[in-house]
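What follows is a short report on a single structure.
The values are calculated or read from the model by the stated rules, or taken from the named source; none is laboratory data. Keep in mind the model is a prediction, meaning the values are calculated, not measured. A quick note on method: Cβ atoms are made from the backbone with ideal geometry, for glycine too, and the neighbour counts reach across all protein chains shown.
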(Lines give C-alpha, C1' and ligand atoms only; values in the text may rest on other atoms or scores of the structure.)
Protein backbone atom coordinates (compact mmCIF):
# COMPACT_ATOMS: atom_id res chain seq x y z
CA UNK A 1 0.00 0.00 0.00
CA UNK A 2 1.68 3.17 -1.20
CA UNK A 3 -0.57 5.79 0.39
CA UNK A 4 -1.41 4.02 3.65
CA UNK A 5 -1.55 7.23 5.68
CA UNK A 6 -4.20 8.67 3.35
CA UNK A 7 -6.42 5.60 3.37
CA UNK A 8 -9.60 5.44 5.44
CA UNK A 9 -10.05 2.74 8.05
CA UNK A 10 -12.69 1.09 5.86
CA UNK A 11 -10.28 0.99 2.93
CA UNK A 12 -7.51 -0.39 5.13
CA UNK A 13 -9.84 -3.10 6.46
CA UNK A 14 -11.02 -3.96 2.95
CA UNK A 15 -7.44 -4.16 1.65
CA UNK A 16 -6.23 -6.27 4.57
CA UNK A 17 -8.81 -8.92 3.66
CA UNK A 18 -8.05 -8.57 -0.05
CA UNK A 19 -4.32 -9.15 0.39
CA UNK A 20 -5.00 -12.16 2.60
CA UNK A 21 -7.31 -13.62 -0.08
CA UNK A 22 -4.67 -12.93 -2.73
CA UNK A 23 -1.92 -14.60 -0.67
CA UNK A 24 -4.11 -17.68 -0.20
CA UNK A 25 -4.94 -17.78 -3.91
CA UNK A 26 -1.29 -17.55 -4.93
CA UNK A 27 -0.37 -20.32 -2.50
CA UNK A 28 -3.31 -22.46 -3.62
CA UNK A 29 -2.45 -22.08 -7.30
CA UNK A 30 1.30 -22.56 -7.02
CA UNK A 31 1.67 -25.16 -4.26
CA UNK A 32 -0.10 -27.97 -6.08
CA UNK A 33 1.16 -31.32 -7.29
CA UNK A 34 1.01 -31.32 -11.07
CA UNK A 35 0.44 -34.56 -12.96
CA UNK A 36 0.67 -35.74 -16.56
CA UNK A 37 -2.89 -34.48 -17.17
CA UNK A 38 -3.48 -30.93 -18.39
CA UNK A 39 -7.16 -31.35 -17.51
CA UNK A 40 -6.28 -32.22 -13.92
CA UNK A 41 -3.68 -29.47 -13.65
CA UNK A 42 -6.09 -26.85 -14.96
CA UNK A 43 -8.78 -27.88 -12.47
CA UNK A 44 -6.54 -27.92 -9.40
CA UNK A 45 -5.15 -24.49 -10.26
CA UNK A 46 -8.48 -22.92 -11.28
CA UNK A 47 -10.44 -23.95 -8.19
CA UNK A 48 -8.37 -21.76 -5.79
CA UNK A 49 -8.57 -19.00 -8.41
CA UNK A 50 -12.37 -19.18 -8.40
CA UNK A 51 -12.51 -19.38 -4.59
CA UNK A 52 -10.55 -16.14 -4.42
CA UNK A 53 -13.04 -14.42 -6.75
CA UNK A 54 -15.89 -15.52 -4.49
CA UNK A 55 -14.09 -14.24 -1.38
CA UNK A 56 -13.12 -10.97 -3.09
CA UNK A 57 -16.75 -10.42 -4.07
CA UNK A 58 -17.97 -11.20 -0.55
CA UNK A 59 -15.42 -8.72 0.80
CA UNK A 60 -16.66 -6.00 -1.57
CA UNK A 61 -20.31 -6.63 -0.66
CA UNK A 62 -19.54 -5.62 2.95
CA UNK A 63 -18.69 -2.10 1.73
CA UNK A 64 -20.31 -1.19 -1.57
CA UNK A 65 -23.59 0.60 -2.11
CA UNK A 66 -23.09 0.64 -5.90
CA UNK A 67 -25.98 -1.44 -7.25
CA UNK A 68 -24.37 -2.44 -10.59
CA UNK A 69 -21.25 -3.55 -8.69
CA UNK A 70 -23.36 -5.44 -6.15
CA UNK A 71 -24.97 -7.26 -9.08
CA UNK A 72 -21.57 -8.02 -10.63
CA UNK A 73 -20.19 -9.33 -7.33
CA UNK A 74 -23.28 -11.46 -6.71
CA UNK A 75 -23.01 -12.81 -10.25
CA UNK A 76 -19.35 -13.70 -9.70
CA UNK A 77 -20.26 -15.59 -6.53
CA UNK A 78 -22.98 -17.57 -8.31
CA UNK A 79 -21.01 -18.29 -11.51
CA UNK A 80 -17.77 -19.25 -9.80
CA UNK A 81 -19.54 -21.44 -7.23
CA UNK A 82 -21.25 -23.30 -10.08
CA UNK A 83 -17.97 -23.57 -12.00
CA UNK A 84 -16.16 -25.03 -8.97
CA UNK A 85 -18.93 -27.61 -8.54
CA UNK A 86 -18.77 -28.50 -12.24
CA UNK A 87 -14.97 -28.92 -12.13
CA UNK A 88 -15.12 -31.03 -8.98
CA UNK A 89 -17.76 -33.25 -10.58
CA UNK A 90 -15.63 -34.03 -13.66
CA UNK A 91 -12.25 -34.07 -11.91
CA UNK A 92 -12.12 -37.82 -11.11
CA UNK A 93 -12.67 -38.74 -14.76
CA UNK A 94 -10.76 -35.82 -16.29
CA UNK A 95 -7.67 -36.46 -14.18
CA UNK A 96 -7.23 -39.77 -16.01
CA UNK A 97 -6.81 -38.05 -19.40
CA UNK A 98 -3.05 -37.77 -19.90
CA UNK A 99 -0.95 -35.63 -22.22
CA UNK A 100 2.40 -35.92 -23.95
CA UNK A 101 5.38 -34.56 -22.04
CA UNK A 102 6.00 -31.89 -24.70
CA UNK A 103 2.40 -30.64 -24.47
CA UNK A 104 2.53 -30.66 -20.67
CA UNK A 105 5.69 -28.56 -20.74
CA UNK A 106 4.32 -26.04 -23.25
CA UNK A 107 0.99 -25.78 -21.44
CA UNK A 108 2.52 -25.31 -18.00
CA UNK A 109 5.14 -22.82 -19.17
CA UNK A 110 2.38 -20.61 -20.59
CA UNK A 111 0.11 -21.18 -17.55
CA UNK A 112 2.95 -20.15 -15.21
CA UNK A 113 3.55 -16.99 -17.26
CA UNK A 114 -0.16 -16.11 -17.16
CA UNK A 115 -0.30 -16.67 -13.41
CA UNK A 116 2.85 -14.60 -12.71
CA UNK A 117 1.44 -11.69 -14.72
CA UNK A 118 -1.94 -11.97 -12.98
CA UNK A 119 -0.38 -12.17 -9.50
CA UNK A 120 1.81 -9.14 -10.22
CA UNK A 121 -1.09 -7.05 -11.55
CA UNK A 122 -3.30 -7.99 -8.62
CA UNK A 123 -0.58 -7.25 -6.06
CA UNK A 124 0.07 -3.88 -7.68
CA UNK A 125 -3.51 -2.89 -8.45
CA UNK A 126 -4.28 0.80 -8.09
CA UNK A 127 -5.32 1.72 -4.53
CA UNK A 128 -7.48 4.65 -3.45
CA UNK A 129 -10.22 5.35 -0.93
CA UNK A 130 -12.75 4.29 -3.57
CA UNK A 131 -13.29 0.64 -2.60
CA UNK A 132 -15.46 0.12 -5.69
CA UNK A 133 -12.61 1.17 -7.97
CA UNK A 134 -10.12 -0.87 -5.93
CA UNK A 135 -12.23 -4.01 -6.39
CA UNK A 136 -12.49 -3.52 -10.14
CA UNK A 137 -8.76 -2.83 -10.51
CA UNK A 138 -8.12 -6.06 -8.56
CA UNK A 139 -10.74 -8.19 -10.31
CA UNK A 140 -9.95 -7.18 -13.90
CA UNK A 141 -6.53 -8.92 -13.97
CA UNK A 142 -8.09 -11.85 -12.08
CA UNK A 143 -10.75 -12.30 -14.77
CA UNK A 144 -8.22 -11.74 -17.57
CA UNK A 145 -6.05 -14.45 -16.03
CA UNK A 146 -8.94 -16.93 -16.04
CA UNK A 147 -9.70 -16.18 -19.70
CA UNK A 148 -6.05 -16.61 -20.71
CA UNK A 149 -5.62 -19.79 -18.64
CA UNK A 150 -8.74 -21.29 -20.21
CA UNK A 151 -7.71 -20.36 -23.77
CA UNK A 152 -4.27 -21.82 -23.10
CA UNK A 153 -5.75 -25.13 -21.92
CA UNK A 154 -8.09 -25.34 -24.92
CA UNK A 155 -5.08 -25.62 -27.24
CA UNK A 156 -4.36 -29.12 -25.95
CA UNK A 157 -6.03 -32.52 -25.67
CA UNK A 158 -8.47 -32.18 -22.79
CA UNK A 159 -11.17 -34.19 -21.13
CA UNK A 160 -14.31 -33.61 -23.24
CA UNK A 161 -16.35 -32.87 -20.10
CA UNK A 162 -14.01 -30.00 -19.21
CA UNK A 163 -14.31 -28.14 -22.52
CA UNK A 164 -17.80 -26.65 -21.92
CA UNK A 165 -16.67 -25.54 -18.46
CA UNK A 166 -13.73 -23.67 -20.00
CA UNK A 167 -16.00 -22.14 -22.64
CA UNK A 168 -18.33 -20.95 -19.85
CA UNK A 169 -15.39 -19.47 -17.90
CA UNK A 170 -14.26 -17.54 -20.98
CA UNK A 171 -17.71 -16.17 -21.82
CA UNK A 172 -18.66 -15.24 -18.25
CA UNK A 173 -15.29 -13.64 -17.46
CA UNK A 174 -15.20 -11.66 -20.72
CA UNK A 175 -18.73 -10.42 -20.02
CA UNK A 176 -17.67 -9.51 -16.46
CA UNK A 177 -14.64 -7.59 -17.74
CA UNK A 178 -16.87 -5.45 -19.98
CA UNK A 179 -19.34 -4.84 -17.14
CA UNK A 180 -16.61 -3.80 -14.72
CA UNK A 181 -14.98 -1.50 -17.28
CA UNK A 182 -18.37 0.16 -17.78
CA UNK A 183 -18.78 0.69 -14.02
CA UNK A 184 -15.25 2.15 -13.84
CA UNK A 185 -16.17 4.67 -16.52
CA UNK A 186 -19.39 5.54 -14.66
CA UNK A 187 -17.60 6.17 -11.36
CA UNK A 188 -14.83 8.11 -13.12
CA UNK A 189 -11.93 5.90 -12.07
CA UNK A 190 -10.91 4.43 -15.44
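Only one of the listed residues (39, 74, 20, 105) is touching a residue at least 60 places away in the same chain (Cβ under 8 Å) and either in a helix (DSSP H, G or I) or farther than 29 Å from residue 160 by Cα (or both). That residue is 39. Among the criteria (1) touching a residue at least 60 places away in the same chain (Cβ under 8 Å); (2) more than 25 Å from residue 19 (Cα to Cα); (3) in contact with a helix residue (DSSP H, G or I) (Cβ under 8 Å, 6 or more places away or on another chain); (4) part of a helix (DSSP H, G or I), the one residue 53 does not fulfil is (2). Filtering segment 84-107 to residues that are closer than 25 Å to residue 54 by Cβ and either touching a helix residue (DSSP H, G or I) at 6+ places or on another chain (Cβ under 6 Å) or crowded, with 16+ Cβ neighbours inside 10 Å (or both) leaves 84, 86, 87, 90, 91, 94, 95.
Annotation for segment 125-135: no member residue is assigned to a helix (DSSP H, G or I), without any contact (Cβ under 8 Å) to a residue 40 or more places away in the chain and buried (at least 17 other Cβ atoms within 10 Å of the Cβ). Number of residues in segment 22-41 that are surrounded by 15 or more Cβ atoms within 10 Å (Cβ to Cβ) and within 13 Å of the chain's Cα centre (by Cα) equals 5.
Screening residue 152 with (1) surrounded by fewer than 20 Cβ atoms within 10 Å (Cβ to Cβ); (2) more than 14 Å from the chain's Cα centre (by Cα); (3) at pLDDT 95 or above gives one miss only, at (1).
What are the residues in segment 23-35 that are outside any helix (DSSP H, G or I), out of contact with any helix residue (DSSP H, G or I) (no Cβ under 6 Å at 6 or more places or on another chain) and in contact (Cβ under 8 Å) with a residue 24 or more places away in the chain, if any?
Within segment 23-35, just 35 meets the criteria.
Looking across 74, 39, one residue alone is closer than 27 Å to residue 130 by Cβ and at pLDDT 95 or above. It is 74.
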